[in-house]
Structure formats: C-alpha cells, structure tokens
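The values are calculated or read from the model by the stated rules, or taken from the named source; none is laboratory data. For clarity, every value in this text was computed on a predicted model and none was experimentally measured. Virtual Cβ from ideal backbone geometry, glycine too; neighbours counted across all protein chains shown.
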Amino acid sequence: MGKQEEMDFNKTGGGSKSDSQPLSEFVEKAYLDYSMYVILDRALPFIGDGLKPVQRRIIFAMSELGLSAQSKPKKSARTVGDVLGKYHPHGDTACYEAMVNMAQDFSYRYPLIIGQGNWGSYDDPKSFAAMRYTEAKLSAYTKLMLSELGQGTTDWKPNFDGTLKEPEFLPSRLPNLILNGVTGIAVGMSTDIPPHNIKEIAYLLDKLIKNPDISLGQLTRITKNFQGPDFPSGGEMISTPEELKQIYATGNGSVKIRAKYKKEKNQLVITQLPYQVSGNKIIEQIATQMKDKKLPLITDINDESDHETPIRIVLTPKSNRVNTDELMGHLFATTDLEKNVRVNMNLIGLDGRPRVFDLKALLSEWIEFRTQTVTRRLQFRLNEVESRLHILEGLMAAYLNLDEVIRIIREEDDPKSKLIKKFKLTEIQAEAILNLRLRNLAKLEEEKILTEKNDLEKEQSELKKILKSKKKINELIQNEIKQDTKDFGDDRRTTLNESAITSQALDQTQLASSDPVTIVLSKAGWVRAAKGTLDDPRSLNYKSGDDYLSSVPGRSNQFAVFIDSTGRVYSIVADTLPSARSNGEPLSSRLNPPDGAYFAGVISGDPSQHWLLSSSAGYGFFVKLEDLYTKNRKGKTCLSVKGSEVLIPSNATSVGYPEETYVAAANSAGKLLIFKSNELMEMSKGKGLKIIGINSKKFKEGKEKMVSAIVIGPKDSIRVYSGKKPKIIRPDEFENYMSERGKRGRSVPPFKKIDSLEVEPR
C-alpha cells in the first residue's frame, strides 16, 4: 500500500504531525489491545475463582442485592439490570444467557444460581423464558466464593465508570474452575475444561499439599479415588486410564463419553446421555436411520422422559434374536450417543497471563492462590484484633482513672488532647473514650472489656503462630477443604468403564432382514430384486429394447455382486435394490464403472460360496464370494480380460464344490469339454488358467471364443443351447466329453455351434 500506509490523522484533517503513525502499526496495536481485552476481560477464566468476568459480576451483583440461598428470589431482570448498570456494560441477552447457564443443573456440575420459572430443559437449553418472567437467587454453593469477600482477601478495582468498586476476583474456597469446568473462545485461543467431582479434587489437593514434589504421573493415576471428569448429565466414560493420564499431563486431548442404557424385558432404555447432548437430537438421528431403512433392527422408538426422569428413551428391537450389544455399538458409532468432549486447560494464571496447564500445575497454582487468600484473610483478622486490642487498652486506662477522665471531659476545652497527654493515649484511643456512653461506665462493662481483651489476645497469639508457619497454614487449608467437601461433596455421576462394548457401525448386511430374494440383471444394466424365488425371471417386463441377462437367488441381507465387461466387481446390499414390480433402476446410478463398460453378470449368496469366473478367451478361476465384496463405488479389479468378454459367472458351491464336481465349457465352434473341478485353481483375482482350447488366430479374428463355463454336480445334466431348443447331456454321457483342462473338447451332434450351457439339476 506504500504511501497509503503512512496515512495519519493530519492528512485526514485531525491530529498534529507529531501524532502521525503508520497505519500498519496502528492496526496491529489496536488488534492486540482488543485481543488482550477479549482474553482477559471476557472469554477466559481466572484460575482463582474459575469465573469469567461476566459470571463474577453476576454473582457479586446478586450478593449485593441480598439474594443469598436463604433469601427470597427476585426477578432476573433486576439482577441483569444491576449487572449491566453497575459492572458489565454489554448486551443484556449475553448477560442473561450466562446467568441461565449457571442455573442449569445439566450444564453446571455445581450450579451457582437457583432459578424459579422456565430456565431451559435438557433437550433444549436455549428454551428458557425471558428474564422478566423468571426469578433467581444464589445457590448455597456460592458461599464458597462469597463468605470471605469482606475479609481483605481480594483487591478491589473501579467499575467501568469509576463510581463503584468491584472485586478483581472472588476468594473461592475450592477450585471452582475444575469443579464446574468452563468453555470459552477468545482471539486465537480457547478453553475447554470439563467438570470434576468435589471429593476427587479434594483428594488430589490433599495429596499435593502434603507432598508438593509428587510426580505428575502419581497425581494423575486413575484410581477409585480419582477417575477423571464427572459430568452433570452422568453418562459413561470409556477413555482408558492411559488416555486420561495423557490428557492431564499435557492439558490437551478429548474424553470419550457415551450414553448409559439398560435392558427392560424386550426393550432397551437409554437413561443418561453424554454431556450437552439433546435427547431430541438422538431420537431424530435414530428415527432418520429407521426412515431410510438403515436400521431395521429397531421397530419403534419412544421418548418417555418427564420431569422426574429427564432422560428415558425406549428402543424396541425387532425380535429377541437381535444382538443388543451389537445394536448399541452401531448406535454409538452412528449417533451422538457417543461423543468426544474436548479438553484444553487454557486459563489465566496468577501472573495474569493465559497458558495451558497440566493438572498438577493447575492445582498447584490454585493452592498458591488459596494460600495467598488465607494469608490475607488471617492478616486482615490479625489487624482487626490488634486494632481492637489497642482501643481496649485505652478503655481500660479510662476505667482505671474514671473520675479524672470525667473531670477532663467536663472541664477542659480540648478534652481529646488533654486525655492523650494525661494518659499517653493515641488519637484513636482518645476518640473511643470520648464516644463512650454513660451506661457503658458500669462495673460490668469493665469486666466485659477484660474478658474480650483476654480472648482477643489469645486469638492474636494463635493468628501470629499460624502466619509464621507454612505448615499451619497448609493444615488450615486442608481442614477447610475437608469441611467444604463434607458440606457440598456428592457421589460421582459419570462412571468409568474400561470394558465397554466397541462402538462399531454395522454393515448393511447385518442391518437388513434376511428374506429370500431373486436379483435380476438386464442386458442394459438395469437391476431389481424380487421377493422369494422366481421360476422364470425371463418372463418379467423389461424396458423397450432391453431383455433378460442374468439372475441369481439370494437373501435380502446379502451382497449382490456385479461384474462388468472390464472384469471389475461391485457390491450392493440386496435389500437396497428396487422392487421387481418396476423395471428397476440402472446400476450406473449407484456405481461408477469405467467409460464404455457394461454389466455382464450378477452373483449373490453366502459369503463362503465359491463361483467360477471366466472370459471368452477361454480362461478362468474359482473365487470365494466374500473376496469380491467392496464398498468402493468404482469397484475393484478381479478378472483380467484383455480384449475378451466376461462370461456369466457360475455357482460352484450349489453343486457341491469342490467334492466330485466338474467344469463344463463350450466354445463357439461347437466343442464341449468336461473336466474335474480340482484341475482349476482358486484365486482372488487375475486371468486364471486355461479352461478350454481356443484357436488363437480365430479368436483374434473374432471367429472363435469360449461361450460358456459352468460347474455341475456328478448327478446333474447339462443343457446345451444352439438356438432356442436345448440338448440334454446326462451324467452317463459325460465320459464322451471328459478330458484334461485346456483341451478343445468334442463336438455335440447335431450342433455346429454352441450358444450357452446351463445346469439341469437332478
């Protein structure tokens, strides 16, 4: 931008030449200032109280309004108005949403606010009523943040207009940051800290206070006393202990959590969902699969959730034979019943700078914060005690010389100065004497002062001992943590399951029902699946110019494998094919064969079945059906043809392969060859071995080729077609055509050519 970058206020009519600044520098500084403002004053929490500024201001404003846990709630609009008017000059919507979030027991492990009215639901956290309709007060848990606020534990800063003071942080007695967790997005960084259980965090704090040099590995070891995140919605955590340790060691990673379910008679009941997952969304995801016929294992889904039971989603399997573990594993893999919760322990430390903490560093820094807070509280109290003792000493001097004090007050023009001079008092002591009421001059009051003085001196001595001893401060912190844990601790809601079932999506063959079907392929590459077994698939209606090519019986939950003219194979679950009531649909709409390729045959059946694949060049091999399966729309190479044609595949297993079965092959010259199946090898792909002899010269000229190759049983007959009327060759005639694999075979009188072969079952 050159000269334009040098533009300054002087050039635009404002500012002086001394104010000039390159535009690039101005923009950079402005962006950095804004970034730091967002990071420090809006988005990221402080390690001490675990709160963002807006949350801190809401709690403080509510405490100033007297909205304690024991008080009556007030309109939320009142609270929001105070927050915005006094401390947080931002939008009311964002402020109210932050307030709502702190009141939702499904969002916060230990809610900070108790709400009355509609504060959103588990299924729709954003469905809360407007702030003019709801009421709120602080929860008992906020006692942990507010009880020490007026005891010198925090610094105070001016509010946005300088008319009021607000605390820089709240003196939290427990590490709220990791107890309730927090999420936030700043400029160039974010934070995602999951919630934890009070009892478990207290256990770690105790270990760390007792042994600050404990290793990170020892601290984060997953035991019954510490099992990782504990979400308010419950659920089941399936991350391994090693994965959790790695997360706590680096401050980054993700926790895998899934729903809890139980079996009730013939139904599956989902009782808990992963953190921040809506039940409505789960129902929608499962219903969509059912609608798309991708989940036939479930016949019905019902939402039986109510106020007493927030989550109760009932699934009805198709039958008792459904493997419920496999079904739930599929749902875990294909819906939000299982999700990863991101962990990024990025927060603002005691030095005021954001960084990513590991668990030990986080807890250690909070212990330092707590130590500073407790020290400030004790010192504040000590100052109060010493100040009171100072006044009490002055009062005792007055009681010991009561007559003289009364005389000075009655007679002297400046009694204060006279008292200071006469009894060697300080100005504060003299002021206290002058402020005494007449009724406080009784003998009983003197005794009260002596008692109070003795008590305060004992407290003073004890406070000094604690302040001088790091050990005693630690003991005090530990005792307070134990008491707070006793008051607010509860049992885990999220369980750790190291032996959870695997989340794995079922393939379509496992999801579809197992019904008999007949798959029919036309010459134009149109496919359809008829229910049951068709006696004569040729009799179906076909599009104009199209005709029957091939058909195969199978089941609806099995793959239909198609082979094209280039020797590539493709697989589609039979259940997804169109009904035979129509003309079907072109395979090209489902698959992506090479340009110019056409479909030459269809295969289906049990995955363990063997089939004979062959080409017009006279070559072929046996292949197991499951070796032909592929999920790729472009298929995969199987049969090498190289200028030859793909012939109709033949089922070998249906006639008893490999025991006492034969291969019958015919060429266009009218030759028939029969040989034992064991002479032909089994392969997964390739050209195969020579099946029948073909004149190579005539093959190149297109005058001779293999027209058919089939597998027959020892008692089956062969239909030899030359035109429409076939000739039947029975087993007792096989000897006439038997020879070694690769021979030319013998002529079948009276045919001069052969069009195709078919098995005539016994």
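Of the residues Ser579, Ser615, Ser589, which is assigned by TED's automatic domain parsing to the domain that holds Pro658 and out of contact with any Lys or Arg (no Cβ under 6 Å at 6 or more places or on another chain)?
On the way: Ser579 fails: assigned by TED's automatic domain parsing to the domain that holds Pro658; Ser589 fails: assigned by TED's automatic domain parsing to the domain that holds Pro658.
When all the criteria are applied, what remains is Ser615.
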Got at least one residue in region 711-733 being within 60 Å of the chain's Cα centre (by Cα) and among the aliphatic types (A, V, I, L, M)? yes
Considering every residue within region 174-182, establish whether at least one is at pLDDT 95 or above and assigned to a loop (DSSP other than H, G, I, E, B). yes
Met290 fails exactly one of the following numbered conditions: (1) in a helix (DSSP H, G or I); (2) closer than 30 Å to Asp484 by Cα; (3) free of Cβ contacts under 8 Å to residues at least 60 places away in the same chain. What is the number of that condition? (2)
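Just checking, how many residues over region 418-447 are assigned to a helix (DSSP H, G or I) and surrounded by 13 or more Cβ atoms within 10 Å (Cβ to Cβ)? Let's see the steps before the verdict.
From region 418-447, those assigned to a helix (DSSP H, G or I) are 418-423, 427-434, 438-441, 443-447; that's our starting set.
Okay, now just the ones that are also surrounded by 13 or more Cβ atoms within 10 Å (Cβ to Cβ), so 418-420, 422-423, 429-434, 440-441, 445-446.
Result for region 418-447: 15.
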Considering only region 645-696, how many residues are among the polar types (S, T, N, Q) and assigned to a loop (DSSP other than H, G, I, E, B)? 4
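For every residue, the table says whether it meets (1) crowded, with 19+ Cβ neighbours inside 10 Å; (2) over 10 Å from Gly618 (Cβ atoms); (3) in the same structural domain as Leu639 (by TED's automatic domain parsing).
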| site | (1), (2), (3) |
| --- | --- |
| Ala666 | yes, yes, yes |
| Gly670 | yes, yes, yes |
| Asn678 | no, yes, yes |
| Glu682 | no, yes, yes |
| Lys687 | no, yes, yes |
| Ser696 | no, no, yes |
Quick one: Gly234 ticks every box in (1) under 25 Å from Phe488 (Cα atoms); (2) without any contact (Cβ under 8 Å) to a residue 40 or more places away in the chain; (3) touching a strand residue (DSSP E or B) at 6+ places or on another chain (Cβ under 7 Å) except a single one, so which number is it? (2)
Gln372: surrounded by fewer than 19 Cβ atoms within 10 Å (Cβ to Cβ), in contact (Cβ under 8 Å) with a residue 40 or more places away in the chain, under 30 Å from Ile481 (Cβ atoms) and not hydrophobic (A, V, I, L, M, F, W, C), yes or no? no
Residue in region 693-708 that is farther than 17 Å from Arg746 by Cβ and under 58 Å from the mean Cα position of the chain (by Cα) present: no
Looking only at region 538-573, how many residues end up being modelled with pLDDT of 90 or more, farther than 15 Å from Glu626 by Cβ and not in a strand (DSSP E or B)? 11
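Test Gly584 against the stated conditions and say whether it is under 44 Å from the mean Cα position of the chain (by Cα) and surrounded by fewer than 21 Cβ atoms within 10 Å (Cβ to Cβ).
It is false that Gly584 is under 44 Å from the mean Cα position of the chain (by Cα) and surrounded by fewer than 21 Cβ atoms within 10 Å (Cβ to Cβ).
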Scan region 204-231 for residues that are without any contact (Cβ under 8 Å) to a residue 60 or more places away in the chain and among the aromatic types (Phe, Trp, Tyr) and jot them down. Phe226
Residue among Ala129, Ala61, Ala77 that alone is outside the structural domain of His307 (by TED's automatic domain parsing), under 30 Å from Lys281 (Cβ atoms) and either modelled with pLDDT of 95 or more or among the acidic types (Asp, Glu) (or both): Ala129
Any chance you could count how many residues in region 467-485 are polar (S, T, N, Q) and more than 41 Å from the chain's Cα centre (by Cα)? 1
Looking only at residues that are hydrophobic (A, V, I, L, M, F, W, C) and modelled with pLDDT under 90 in region 293-326, which one is farthest from Asn557 (Cα to Cα)? Val322
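Can you name the residue in region 593-626 that is part of a loop (DSSP other than H, G, I, E, B) and of a type in the set (S, T, N, Q) and is also nearest to Val646 (Cα to Cα) among such residues? Walk me through how you get there before you give the answer.
Taking region 593-626 and keeping what is part of a loop (DSSP other than H, G, I, E, B), we get 593-598, 605-609, 616-618.
Narrowing further to those that are of a type in the set (S, T, N, Q): 608-609, 616.
Details: Ser608: 22, Gln609: 20, Ser616: 6 Å.
In this case the residue turns out to be Ser616.
Ile348 - would you say it is at pLDDT 90 or above and in contact with a strand residue (DSSP E or B) (Cβ under 9 Å, 6 or more places away or on another chain)? Spell out how you get there, then give the answer.
Values: at pLDDT 90 or above: no; in contact with a strand residue (DSSP E or B) (Cβ under 9 Å, 6 or more places away or on another chain): yes.
For Ile348, the condition - at pLDDT 90 or above and in contact with a strand residue (DSSP E or B) (Cβ under 9 Å, 6 or more places away or on another chain) - is not met.
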From the residues in region 316-371 that are among the aliphatic types (A, V, I, L, M) and in a loop (DSSP other than H, G, I, E, B), which one is nearest to Asn474 (Cα to Cα)? Leu350
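Does Leu347 meet the test of being out of contact with any Asp or Glu (no Cβ under 7 Å at 6 or more places or on another chain), over 18 Å from Ile193 (Cβ atoms) and aliphatic (A, V, I, L, M)?
Working: out of contact with any Asp or Glu (no Cβ under 7 Å at 6 or more places or on another chain): yes; over 18 Å from Ile193 (Cβ atoms): no; aliphatic (A, V, I, L, M): yes.
Answer is no for this residue.
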Checking the structure you have, find out if any residue of region 722-745 is assigned to a strand (DSSP E or B) and among the hydroxyl-bearing types (Ser, Thr, Tyr). no
Result of the Cβ filter at 9 Å on region 269-287, keeping first residues that are under 12 Å from Ile311 (Cβ atoms) and partners that are assigned to a helix (DSSP H, G or I) and acidic (Asp, Glu), at least 6 apart or interchain, is Ser278/Glu284
Of the residues that sit in region 746-762 and are assigned to a strand (DSSP E or B) and aliphatic (A, V, I, L, M), which one is farthest from the chain's Cα centre (by Cα)? Leu757
Of the residues that sit in region 453-501 and are of a type in the set (Val, Ile, Thr) and part of a helix (DSSP H, G or I), which one is farthest from Ala202 (Cα to Cα)? Ile466
Applying the selection to region 630-658, what residues are touching a Phe, Trp or Tyr at 6+ places or on another chain (Cβ under 7 Å) and under 24 Å from Tyr548 (Cα atoms)? Gly635, Pro649, Ser650, Asn651, Ala652
Scan Glu412, Glu462, Glu393, Glu427 and give me the residue that is touching a residue at least 24 places away in the same chain (Cβ under 8 Å) and not polar (S, T, N, Q). Glu393
Which of the residues spanning region 162-192 are crowded, with 20+ Cβ neighbours inside 10 Å and out of contact with any strand residue (DSSP E or B) (no Cβ under 8 Å at 6 or more places or on another chain)? Leu170, Pro171, Ser172, Arg173, Leu174, Pro175, Asn176, Leu179, Asn180
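Mind listing whichever residues of region 190-235 are assigned to a loop (DSSP other than H, G, I, E, B), among the hydroxyl-bearing types (Ser, Thr, Tyr) and touching a Phe, Trp or Tyr at 6+ places or on another chain (Cβ under 9 Å)? Don't jump to the end; show me each part of the working.
Of the residues in region 190-235, the ones assigned to a loop (DSSP other than H, G, I, E, B) are 194-197, 211-215, 220-222, 224-225, 227-235.
Still in the running and among the hydroxyl-bearing types (Ser, Thr, Tyr): 215, 220, 233.
Once the filter is applied, which keeps residues that are assigned to a loop (DSSP other than H, G, I, E, B), among the hydroxyl-bearing types (Ser, Thr, Tyr) and touching a Phe, Trp or Tyr at 6+ places or on another chain (Cβ under 9 Å), region 190-235 yields Thr220, Ser233.
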In region 86-103, the residues that are in contact (Cβ under 8 Å) with a residue 40 or more places away in the chain and in a helix (DSSP H, G or I): Lys86, Tyr87, Ala94, Cys95, Ala98, Met99, Met102
Every residue from region 130-161 that is surrounded by fewer than 14 Cβ atoms within 10 Å (Cβ to Cβ), under 24 Å from Gly115 (Cα atoms) and among the aromatic types (Phe, Trp, Tyr): Tyr133
